[in-house]
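Report on the following structure.
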Amino acid sequence: MLNPESATPLYLQLKSHLQTQIEEGVYGKDGRLPSERELAQQYNISRMTARQAIQALMQDGFIDTRVGKGTYVREQRIDQDLRHLTSFTEDMQRRGRTADSRVIRVEKIRADADIAAHLKVLTDTQVGMLSRLRLADGEPLAWEICHLNLRLCPDILDRYDFSSESLYRVLREVYGQRLVSAQQVITARMPSREERDLLHITEGIPVLALHRVTHNDALQPVEYVQSVYRGDRYQLQTTLNLYAPTERGSET
Ligand code: 16G
């Protein structure tokens, strides 16, 4: 399996082989990797080479060592694809995980200037406010505070229980809102005490703060969401295409 004739050093060959196994789930969640000695025997290499491969995997965040216990696969982050407009429920279902929510607050409020500007309504207009902790298989992953334009979905908050219901499903299927695009801004920051407690994260772990305005097919803003995602459990992913300016130099 490892090729001593290759220009790629043996330890890097072993590292990429182990990495593939981790990604394929061979060692399971929190699974234990073979020890240096076991790897050396199994792949017929020196213990030094096995150690280098383990160190390289550690540097890339794939594994952790536990003192006196060996090397373990670190829980992999959730890859959030930035190109598609999806809901938390859909994202989790696609990953085979069960989504649910804890509703922290649900009420009608008067839009302040910031909310009004994002929802394109007048200041003081009544809007819906839904604050939810989002969980996957019982693990808290995000806290979302959503503001809804109630002209487009009147009574939505009175009629549905969003601890078990998907907001996007109700908006689409009950209120006929075709959610076609969203504008999202992402920043990294340290969480507040309250955010740390809700998300079960320890001090020193950053969060990803996402602000999203989602539009319907008439380009009306339906929701304005301020959410906080766990920085230790999420990574954002997108595809970049070659930047090809037109002859006049404007963006394509
Ligand atoms: C996602 C959305 C949020 C939306 C929610 C609906 C962000 C960054 N994205 O989490 O805007 O309100 O899904 O989820 O917060 P649901 O349909 O599962 O209730």
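The values are calculated or read from the model by the stated rules, or taken from the named source; none is laboratory data. Predicted model only: the values in this text are computed from it and were never measured. FYI the Cβ positions are ideal-geometry reconstructions off the backbone, even for glycines, and counts take in every protein chain you see.
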With the condition being at pLDDT 95 or above and more than 30 Å from SER227 (Cα to Cα), I'd like the helices (runs of 4 or more DSSP H) fully within segment 11-118 carrying at least 3 qualifying residues. 36-43, 47-59
Looking at (1) aliphatic (A, V, I, L, M); (2) touching a residue at least 12 places away in the same chain (Cβ under 8 Å); (3) away from the ligand (no atom under 14 Å from the Cβ), which one does LEU122 not meet, given that it meets all the others? (2)
Of the residues that sit in segment 153-194 and are small (Gly, Ala, Ser) and at pLDDT 95 or above, which one is surrounded by the most Cβ atoms within 10 Å (Cβ to Cβ)? SER166
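The rows are residues; the columns are (1) away from the ligand (no atom under 14 Å from the Cβ); (2) under 20 Å from the mean Cα position of the chain (by Cα).
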site	(1), (2)
THR98	no, yes
MET129	no, no
TYR160	no, no
VAL170	no, no
TYR175	no, no
ARG178	yes, no
ILE186	no, yes
Could you tell me whether segment 57-64 includes any residue that is outside the structural domain of SER181 (by TED's automatic domain parsing), in contact with a helix residue (DSSP H, G or I) (Cβ under 6 Å, 6 or more places away or on another chain) and aromatic (Phe, Trp, Tyr)? yes
Among the residues of segment 9-43, what is the count of those that are farther than 22 Å from GLU75 by Cα and loosely packed, with under 12 Cβ neighbours inside 10 Å? 1
Exception for ARG193 within (1) near the ligand (Cβ under 10 Å from one of its atoms); (2) closer than 24 Å to ASP232 by Cα falls at (1)
Condition first: away from the ligand (no atom under 14 Å from the Cβ), surrounded by 11 or more Cβ atoms within 10 Å (Cβ to Cβ) and of a type in the set (A, V, I, L, M, F, W, C). Now tell me which residues in segment 196-225 satisfy that. LEU198, ILE201, ILE205
